[in-house]
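Presented below is the structure to which this report refers.
The values are calculated or read from the model by the stated rules, or taken from the named source; none is laboratory data. Every value quoted in this text rests on a predicted model; they were computed, and no experiment measured them. Ideal geometry is used to build each Cβ from the backbone, glycine not excepted, and the neighbour counts take in all protein chains shown. Side chains included, ligands, DNA and RNA excluded: accessible areas come from the protein's heavy atoms. Shrake-Rupley method; radii C 1.70, N 1.55, O 1.52, S 1.80 Å.
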Amino acid sequence: MQKKILVFNVGSSSIKYSLFYEAKKITSGFIERLNDKKDYSEAINKIFKKFENEKINVLAHRVVHGRELKKTSLINPEIKKKIKQFSEFAPLHNPKQLMVIELCERFKKPQYAVFDTMFFSDLPEVAKIYAIPKNITEKHSIRKYGFHGLSHKYVSKGLNGKTIVCHLGSGVSISAINNEKAIDTSMGLTPLEGVIMGTRSGSIDPGIIFFLEKRKYNAEDLLTNKSGLKGICGYNDFRDIRSRINKNKNCKLAYEMFTYSIVKTIGSYVSALNGLNNLVFTAAIGENVPKLRKEICNSLKYLGLKLDEDKNEKNEEVISSKDSKIKVHVRKTDEEKMIAEEVLKILK
Ligand code: ADP
(Lines give C-alpha, C1' and ligand atoms only; values in the text may rest on other atoms or scores of the structure.)
Protein backbone atom coordinates (compact mmCIF):
# COMPACT_ATOMS: atom_id res chain seq x y z
CA MET A 1 0.00 0.00 0.00
CA GLN A 2 1.17 3.53 -0.80
CA LYS A 3 2.33 5.41 2.26
CA LYS A 4 0.86 8.87 2.81
CA ILE A 5 3.31 11.18 4.51
CA LEU A 6 2.52 14.62 5.86
CA VAL A 7 5.72 16.65 5.98
CA PHE A 8 6.21 19.70 8.21
CA ASN A 9 8.93 22.26 7.65
CA VAL A 10 8.51 24.58 10.61
CA GLY A 11 10.30 27.93 10.67
CA SER A 12 10.67 30.59 13.32
CA SER A 13 7.33 32.16 12.32
CA SER A 14 5.88 29.88 9.65
CA ILE A 15 4.87 26.33 8.73
CA LYS A 16 5.42 24.84 5.28
CA TYR A 17 3.62 21.54 4.84
CA SER A 18 3.27 19.01 2.04
CA LEU A 19 1.34 15.82 1.55
CA PHE A 20 3.17 13.00 -0.22
CA TYR A 21 1.96 9.70 -1.62
CA GLU A 22 5.25 7.86 -1.32
CA ALA A 23 7.77 10.31 -2.86
CA LYS A 24 5.19 12.11 -4.99
CA LYS A 25 4.09 15.51 -3.74
CA ILE A 26 0.30 15.82 -3.96
CA THR A 27 -0.21 19.24 -2.47
CA SER A 28 1.53 21.76 -0.26
CA GLY A 29 0.81 24.91 1.66
CA PHE A 30 2.36 27.69 3.70
CA ILE A 31 1.09 29.44 6.80
CA GLU A 32 3.04 32.46 8.03
CA ARG A 33 3.04 35.21 10.65
CA LEU A 34 2.84 32.73 13.51
CA ASN A 35 3.91 34.09 16.88
CA ASP A 36 2.84 32.08 19.91
CA LYS A 37 1.80 28.53 20.69
CA LYS A 38 -1.85 29.39 20.09
CA ASP A 39 -1.06 30.48 16.50
CA TYR A 40 0.87 27.28 15.83
CA SER A 41 -1.86 25.16 17.39
CA GLU A 42 -4.54 26.76 15.19
CA ALA A 43 -2.36 26.29 12.12
CA ILE A 44 -1.86 22.59 12.91
CA ASN A 45 -5.61 22.09 13.41
CA LYS A 46 -6.28 23.79 10.09
CA ILE A 47 -3.81 21.53 8.29
CA PHE A 48 -5.26 18.33 9.78
CA LYS A 49 -8.78 19.52 9.00
CA LYS A 50 -7.74 20.04 5.39
CA PHE A 51 -6.53 16.44 5.20
CA GLU A 52 -9.25 14.78 7.29
CA ASN A 53 -10.28 12.53 4.40
CA GLU A 54 -6.73 11.37 3.75
CA LYS A 55 -5.53 8.30 5.58
CA ILE A 56 -2.18 9.74 6.62
CA ASN A 57 0.25 7.04 7.76
CA VAL A 58 3.20 9.03 8.99
CA LEU A 59 4.18 12.57 10.00
CA ALA A 60 7.67 13.81 9.20
CA HIS A 61 9.36 16.91 10.59
CA ARG A 62 12.41 18.87 9.58
CA VAL A 63 14.49 19.51 12.70
CA VAL A 64 17.31 21.98 12.25
CA HIS A 65 19.86 20.79 14.82
CA GLY A 66 20.37 17.07 15.36
CA ARG A 67 23.84 17.28 16.92
CA GLU A 68 25.17 13.69 17.09
CA LEU A 69 22.00 12.17 15.60
CA LYS A 70 23.02 11.00 12.14
CA LYS A 71 19.85 9.26 11.05
CA THR A 72 16.17 9.91 10.54
CA SER A 73 14.65 9.09 13.94
CA LEU A 74 11.28 7.84 15.11
CA ILE A 75 10.25 10.45 17.66
CA ASN A 76 9.99 9.15 21.24
CA PRO A 77 10.58 10.84 24.62
CA GLU A 78 14.35 10.31 24.30
CA ILE A 79 14.54 11.98 20.85
CA LYS A 80 12.32 14.83 22.07
CA LYS A 81 14.69 15.40 24.98
CA LYS A 82 17.60 15.63 22.55
CA ILE A 83 15.82 18.05 20.22
CA LYS A 84 15.22 20.22 23.28
CA GLN A 85 18.84 19.95 24.43
CA PHE A 86 20.12 21.00 20.99
CA SER A 87 18.00 24.18 21.08
CA GLU A 88 20.95 26.12 22.43
CA PHE A 89 22.58 25.84 18.99
CA ALA A 90 19.43 26.57 16.95
CA PRO A 91 17.31 28.75 19.22
CA LEU A 92 15.05 30.08 16.46
CA HIS A 93 14.11 26.67 15.11
CA ASN A 94 14.43 23.63 17.40
CA PRO A 95 12.00 24.90 20.09
CA LYS A 96 9.30 25.70 17.50
CA GLN A 97 9.83 22.37 15.73
CA LEU A 98 9.53 20.50 19.02
CA MET A 99 6.39 22.46 19.85
CA VAL A 100 4.79 21.39 16.56
CA ILE A 101 5.82 17.75 17.15
CA GLU A 102 4.04 17.91 20.51
CA LEU A 103 0.99 19.63 19.02
CA CYS A 104 0.75 16.78 16.50
CA GLU A 105 0.84 14.05 19.16
CA ARG A 106 -2.88 14.10 19.64
CA PHE A 107 -3.38 12.86 16.08
CA LYS A 108 -1.73 9.59 17.13
CA LYS A 109 0.48 8.99 14.09
CA PRO A 110 4.08 7.83 14.10
CA GLN A 111 6.29 10.91 13.81
CA TYR A 112 9.79 11.05 12.37
CA ALA A 113 12.46 13.72 12.73
CA VAL A 114 14.77 14.39 9.78
CA PHE A 115 17.72 16.56 10.74
CA ASP A 116 19.22 19.35 8.67
CA THR A 117 22.63 18.44 10.09
CA MET A 118 22.59 14.78 8.88
CA PHE A 119 24.16 15.39 5.49
CA PHE A 120 27.26 16.86 7.15
CA SER A 121 27.60 14.36 9.99
CA ASP A 122 30.60 12.61 8.45
CA LEU A 123 32.72 15.56 7.34
CA PRO A 124 36.44 14.73 7.39
CA GLU A 125 37.96 15.64 10.76
CA VAL A 126 40.16 18.40 9.28
CA ALA A 127 37.02 20.24 8.21
CA LYS A 128 34.87 19.21 11.14
CA ILE A 129 36.57 20.45 14.29
CA TYR A 130 37.85 23.85 15.34
CA ALA A 131 41.36 24.73 16.47
CA ILE A 132 40.39 25.11 20.12
CA PRO A 133 41.59 22.83 22.97
CA LYS A 134 40.68 19.26 22.03
CA ASN A 135 39.36 18.45 25.52
CA ILE A 136 36.82 21.28 25.20
CA THR A 137 35.86 20.15 21.69
CA GLU A 138 35.16 16.70 23.10
CA LYS A 139 33.52 17.74 26.37
CA HIS A 140 30.94 19.97 24.65
CA SER A 141 30.73 18.28 21.21
CA ILE A 142 31.80 21.55 19.61
CA ARG A 143 32.18 20.94 15.87
CA LYS A 144 31.01 22.07 12.48
CA TYR A 145 27.51 20.62 12.14
CA GLY A 146 26.42 22.49 9.00
CA PHE A 147 22.82 23.37 8.10
CA HIS A 148 20.52 23.38 5.05
CA GLY A 149 21.73 19.78 4.68
CA LEU A 150 18.45 18.57 3.18
CA SER A 151 18.73 21.23 0.50
CA HIS A 152 22.41 20.54 -0.25
CA LYS A 153 21.70 16.83 -0.50
CA TYR A 154 18.63 17.30 -2.68
CA VAL A 155 20.21 19.60 -5.26
CA SER A 156 23.49 17.66 -5.50
CA LYS A 157 21.77 14.34 -6.20
CA GLY A 158 23.14 12.60 -9.25
CA LEU A 159 26.07 15.00 -9.70
CA ASN A 160 29.30 13.07 -9.99
CA GLY A 161 32.72 14.50 -9.32
CA LYS A 162 33.54 17.70 -7.50
CA THR A 163 30.56 19.89 -6.74
CA ILE A 164 30.01 23.18 -4.95
CA VAL A 165 26.46 24.03 -3.90
CA CYS A 166 25.49 27.64 -3.14
CA HIS A 167 22.25 27.77 -1.12
CA LEU A 168 21.47 31.48 -1.32
CA GLY A 169 18.35 32.43 0.61
CA SER A 170 17.84 34.56 3.70
CA GLY A 171 20.23 32.07 5.27
CA VAL A 172 23.24 31.32 3.09
CA SER A 173 25.42 28.23 3.07
CA ILE A 174 27.92 26.85 0.61
CA SER A 175 29.12 23.27 0.59
CA ALA A 176 31.87 21.23 -1.04
CA ILE A 177 30.71 17.79 -2.15
CA ASN A 178 32.64 14.95 -3.76
CA ASN A 179 30.54 12.27 -5.51
CA GLU A 180 27.46 13.14 -3.41
CA LYS A 181 29.42 13.06 -0.13
CA ALA A 182 29.85 16.34 1.78
CA ILE A 183 33.44 17.25 2.59
CA ASP A 184 33.01 20.79 3.91
CA THR A 185 30.33 23.42 4.48
CA SER A 186 30.32 27.06 5.43
CA MET A 187 27.93 27.02 8.40
CA GLY A 188 29.36 25.68 11.63
CA LEU A 189 28.36 24.87 15.19
CA THR A 190 25.55 27.34 14.57
CA PRO A 191 24.10 28.86 11.39
CA LEU A 192 26.06 32.05 12.12
CA GLU A 193 29.34 30.97 10.52
CA GLY A 194 30.24 31.41 6.86
CA VAL A 195 28.97 33.76 4.21
CA ILE A 196 27.25 37.13 4.85
CA MET A 197 23.47 36.54 5.19
CA GLY A 198 20.26 38.58 5.44
CA THR A 199 20.69 39.51 9.10
CA ARG A 200 23.66 37.32 10.17
CA SER A 201 27.23 38.51 10.00
CA GLY A 202 28.75 35.25 8.78
CA SER A 203 32.40 34.70 9.75
CA ILE A 204 34.10 37.61 11.46
CA ASP A 205 37.20 38.04 13.62
CA PRO A 206 36.19 36.48 16.99
CA GLY A 207 38.05 39.42 18.58
CA ILE A 208 35.10 41.62 17.55
CA ILE A 209 32.87 39.60 19.87
CA PHE A 210 35.16 40.16 22.88
CA PHE A 211 35.37 43.85 22.00
CA LEU A 212 31.59 44.21 21.80
CA GLU A 213 30.92 42.24 24.97
CA LYS A 214 33.38 44.35 26.95
CA ARG A 215 31.29 47.36 25.91
CA LYS A 216 28.08 45.60 27.02
CA TYR A 217 26.59 45.01 23.58
CA ASN A 218 24.54 41.84 23.22
CA ALA A 219 26.88 40.32 20.65
CA GLU A 220 24.68 37.28 19.96
CA ASP A 221 21.67 39.40 19.08
CA LEU A 222 23.77 41.93 17.17
CA LEU A 223 25.49 39.31 14.99
CA THR A 224 22.38 37.15 14.48
CA ASN A 225 19.61 39.66 13.92
CA LYS A 226 21.12 43.05 13.12
CA SER A 227 24.15 42.29 10.98
CA GLY A 228 24.72 40.85 7.50
CA LEU A 229 23.05 42.74 4.64
CA LYS A 230 20.78 44.48 7.12
CA GLY A 231 23.71 45.72 9.17
CA ILE A 232 25.50 47.12 6.13
CA CYS A 233 22.59 48.91 4.45
CA GLY A 234 19.45 48.61 6.60
CA TYR A 235 17.70 46.13 4.28
CA ASN A 236 17.80 42.35 4.55
CA ASP A 237 15.45 41.49 1.68
CA PHE A 238 17.63 40.98 -1.38
CA ARG A 239 14.98 42.46 -3.70
CA ASP A 240 15.02 45.74 -1.71
CA ILE A 241 18.79 45.89 -1.98
CA ARG A 242 18.90 45.19 -5.71
CA SER A 243 16.33 47.83 -6.51
CA ARG A 244 18.40 50.46 -4.64
CA ILE A 245 21.87 49.59 -5.94
CA ASN A 246 22.11 52.63 -8.19
CA LYS A 247 20.84 55.18 -5.72
CA ASN A 248 21.99 54.01 -2.30
CA LYS A 249 25.71 53.52 -1.79
CA ASN A 250 25.28 51.25 1.23
CA CYS A 251 22.98 48.96 -0.78
CA LYS A 252 25.66 48.82 -3.47
CA LEU A 253 28.27 48.00 -0.84
CA ALA A 254 26.05 45.31 0.74
CA TYR A 255 25.52 43.71 -2.67
CA GLU A 256 29.25 43.79 -3.44
CA MET A 257 30.25 42.43 -0.02
CA PHE A 258 27.70 39.62 -0.37
CA THR A 259 29.07 38.67 -3.80
CA TYR A 260 32.66 38.89 -2.59
CA SER A 261 31.95 36.69 0.41
CA ILE A 262 30.39 34.00 -1.84
CA VAL A 263 33.25 34.18 -4.36
CA LYS A 264 35.87 33.81 -1.60
CA THR A 265 34.13 30.77 -0.13
CA ILE A 266 33.77 29.10 -3.52
CA GLY A 267 37.46 29.74 -4.18
CA SER A 268 38.47 28.07 -0.94
CA TYR A 269 36.32 25.02 -1.77
CA VAL A 270 37.82 24.72 -5.26
CA SER A 271 41.12 24.29 -3.42
CA ALA A 272 39.65 21.92 -0.82
CA LEU A 273 38.23 19.77 -3.63
CA ASN A 274 41.33 20.21 -5.78
CA GLY A 275 39.20 21.15 -8.79
CA LEU A 276 35.58 21.62 -9.75
CA ASN A 277 33.11 19.86 -12.06
CA ASN A 278 29.73 21.27 -11.01
CA LEU A 279 28.56 24.54 -9.52
CA VAL A 280 24.96 24.61 -8.28
CA PHE A 281 22.83 27.63 -7.39
CA THR A 282 19.72 27.12 -5.30
CA ALA A 283 17.21 28.79 -2.87
CA ALA A 284 15.32 31.98 -3.70
CA ILE A 285 18.32 34.20 -4.47
CA GLY A 286 20.31 31.45 -6.20
CA GLU A 287 17.33 30.46 -8.34
CA ASN A 288 16.17 33.95 -9.31
CA VAL A 289 19.02 36.45 -9.66
CA PRO A 290 20.91 36.03 -12.99
CA LYS A 291 23.06 39.12 -12.40
CA LEU A 292 24.51 37.69 -9.19
CA ARG A 293 25.14 34.27 -10.78
CA LYS A 294 26.87 35.97 -13.69
CA GLU A 295 29.19 37.92 -11.40
CA ILE A 296 30.05 34.82 -9.40
CA CYS A 297 30.66 32.79 -12.56
CA ASN A 298 32.85 35.56 -14.03
CA SER A 299 35.15 35.16 -11.04
CA LEU A 300 35.67 31.51 -12.04
CA LYS A 301 36.60 32.15 -15.67
CA TYR A 302 40.20 31.27 -14.80
CA LEU A 303 39.03 27.67 -14.27
CA GLY A 304 37.51 27.49 -17.75
CA LEU A 305 33.95 28.20 -16.63
CA LYS A 306 31.90 29.66 -19.48
CA LEU A 307 28.42 30.96 -18.88
CA ASP A 308 25.65 30.85 -21.48
CA GLU A 309 24.27 34.32 -20.80
CA ASP A 310 20.98 33.69 -22.51
CA LYS A 311 20.26 30.55 -20.50
CA ASN A 312 21.37 32.33 -17.35
CA GLU A 313 18.91 35.17 -17.96
CA LYS A 314 16.12 32.62 -18.37
CA ASN A 315 17.00 30.76 -15.12
CA GLU A 316 17.41 27.55 -17.13
CA GLU A 317 18.51 24.35 -15.42
CA VAL A 318 21.96 24.30 -16.97
CA ILE A 319 23.42 27.76 -17.58
CA SER A 320 27.00 26.98 -18.64
CA SER A 321 27.91 26.81 -22.31
CA LYS A 322 28.62 23.48 -23.98
CA ASP A 323 32.38 24.03 -24.00
CA SER A 324 32.57 25.13 -20.35
CA LYS A 325 34.95 23.07 -18.18
CA ILE A 326 32.53 23.44 -15.27
CA LYS A 327 28.85 22.66 -15.54
CA VAL A 328 26.72 25.30 -13.84
CA HIS A 329 23.25 24.30 -12.62
CA VAL A 330 20.25 26.20 -11.31
CA ARG A 331 18.26 23.72 -9.25
CA LYS A 332 15.07 24.36 -7.36
CA THR A 333 15.48 23.06 -3.86
CA ASP A 334 12.76 20.97 -2.20
CA GLU A 335 13.48 20.22 1.42
CA GLU A 336 10.04 18.64 1.93
CA LYS A 337 10.60 16.11 -0.85
CA MET A 338 13.98 15.24 0.62
CA ILE A 339 12.32 14.70 4.02
CA ALA A 340 9.71 12.38 2.48
CA GLU A 341 12.43 10.41 0.69
CA GLU A 342 14.48 10.06 3.88
CA VAL A 343 11.46 8.78 5.81
CA LEU A 344 10.55 6.32 3.06
CA LYS A 345 14.10 4.97 3.19
CA ILE A 346 13.65 4.20 6.91
CA LEU A 347 10.17 2.72 6.47
CA LYS A 348 11.48 0.33 3.86
P1 ADP B 1 14.90 30.88 3.53
O2 ADP B 1 16.38 30.82 3.77
O3 ADP B 1 14.17 31.68 4.56
O4 ADP B 1 14.26 29.58 3.15
P5 ADP B 1 14.43 31.80 0.81
O6 ADP B 1 15.15 30.75 0.06
O7 ADP B 1 12.96 31.91 0.64
O8 ADP B 1 14.82 31.81 2.31
O9 ADP B 1 15.09 33.21 0.45
C10 ADP B 1 14.66 34.41 0.99
C11 ADP B 1 15.51 35.52 0.38
O12 ADP B 1 15.40 35.44 -1.05
C13 ADP B 1 15.09 36.94 0.74
O14 ADP B 1 16.25 37.72 0.95
C15 ADP B 1 14.39 37.46 -0.50
O16 ADP B 1 14.66 38.79 -0.68
C17 ADP B 1 15.09 36.71 -1.59
N18 ADP B 1 14.23 36.51 -2.77
C19 ADP B 1 13.06 35.84 -2.81
N20 ADP B 1 12.57 35.85 -4.06
C21 ADP B 1 13.44 36.54 -4.83
C22 ADP B 1 13.49 36.93 -6.18
N23 ADP B 1 12.53 36.59 -7.06
N24 ADP B 1 14.54 37.67 -6.61
C25 ADP B 1 15.51 38.01 -5.74
N26 ADP B 1 15.54 37.69 -4.43
C27 ADP B 1 14.51 36.97 -3.98
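Taking the Cα centre of the chain as origin and charging only Cβ (+1 Lys, Arg; -1 Asp, Glu), how large is the dipole, in debye to the nearest 20?
About 300 debye.
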As a test question: what accessible area, to the nearest 10 Å², does Tyr235 have when a 1.4 Å probe is rolled over all protein chains in place? 70 Å²
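Summarise the accessible area of the chain (1.4 Å probe, protein heavy atoms) by the percent that is carbon and sulfur.
Solvent-exposed carbon and sulfur of the chain make up 51 percent of the total.
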Measuring from label point to label point, each 7 Å out along Cα→Cβ, what is the Lys139 to Lys49 span in nm? 5.2 nm
Centre separation in Å (Cα based) which lies between the stretch 79-101 and the stretch 150-207: 22 Å
Rounded if a/c under 1.5, otherwise prolate or oblate - the stretch 1-97, Cα gyration tensor axes: oblate
Under the classification rounded if a/c is under 1.5, otherwise prolate if a/b is larger than b/c and oblate if not, where does the stretch 119-269 fall, given a ≥ b ≥ c as square roots of the Cα gyration tensor eigenvalues? oblate
So, taking all protein chains as they sit and a 1.4 Å probe, how much accessible area belongs to Glu54, in Å² rounded to tens? 50 Å²
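When you count, for each residue, the other Cβ atoms within 10 Å and take the mean per peptide, how do 164-177, 302-315 rank with the highest first?
Numbers: 164-177: 25.2, 302-315: 14.8.
Going by the mean number of other Cβ atoms within 10 Å, highest first, we get 164-177, 302-315.
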Enumerate the aspartates and glutamates that Lys348 could reach by cross-link, defined here as Cα to Cα under 19 Å, with residues fewer than 8 away along the same chain left out. Glu22, Glu336
How high is the FRET efficiency between Val126 and Arg106 when r is their beta carbon distance and R₀ equals 45 Å, given to the nearest 0.05? 0.45
Given points 7 Å out from each Cα along the Cα-Cβ axis, report the Gln85 to Glu68 separation in nanometres with one decimal. 0.7 nm
Cut-off 18 Å (backbone N to label point 7 Å along Cα→Cβ of Glu42), residues of the stretch 80-100: 100
May I ask which residue of Ile83, Phe8, Pro206 lies farthest towards the positive end of the charge dipole of the chain, with charges of +1 (Lys, Arg) and -1 (Asp, Glu) on Cβ and the Cα centre as origin? Phe8
Report Met118's accessible area, 1.4 Å probe, all protein chains in place, as a number in Å² to the nearest 10. 30 Å²
Beta bridge orientation in the chain: antiparallel %, DSSP, nearest 5: 60 percent
Note: Gln2 to Asp221 extended length (0.36 nm per residue) minus current alpha-carbon separation gives 74.3 nm
Using all C-alpha to C-alpha distances in the stretch 231-348, build P(r) with 10 Å bins and read off the rounded percent in each one. 12, 35, 31, 17, 4, 0
Excluding residues on the same chain fewer than 8 positions from Lys230, give the aspartates and glutamates whose Cα lies under 20 Å from its Cα. Glu193, Asp205, Glu220, Asp221, Asp240, Glu256
With +1 at each Lys and Arg Cβ and -1 at each Asp and Glu Cβ, the charge dipole magnitude of the stretch 115-257 around its Cα centre, to the nearest 20 debye, comes out at 440 debye
Per the rule of 0.36 nm per residue minus the C-alpha distance, extending Asn76 to Lys301 adds in nm 75.9 nm
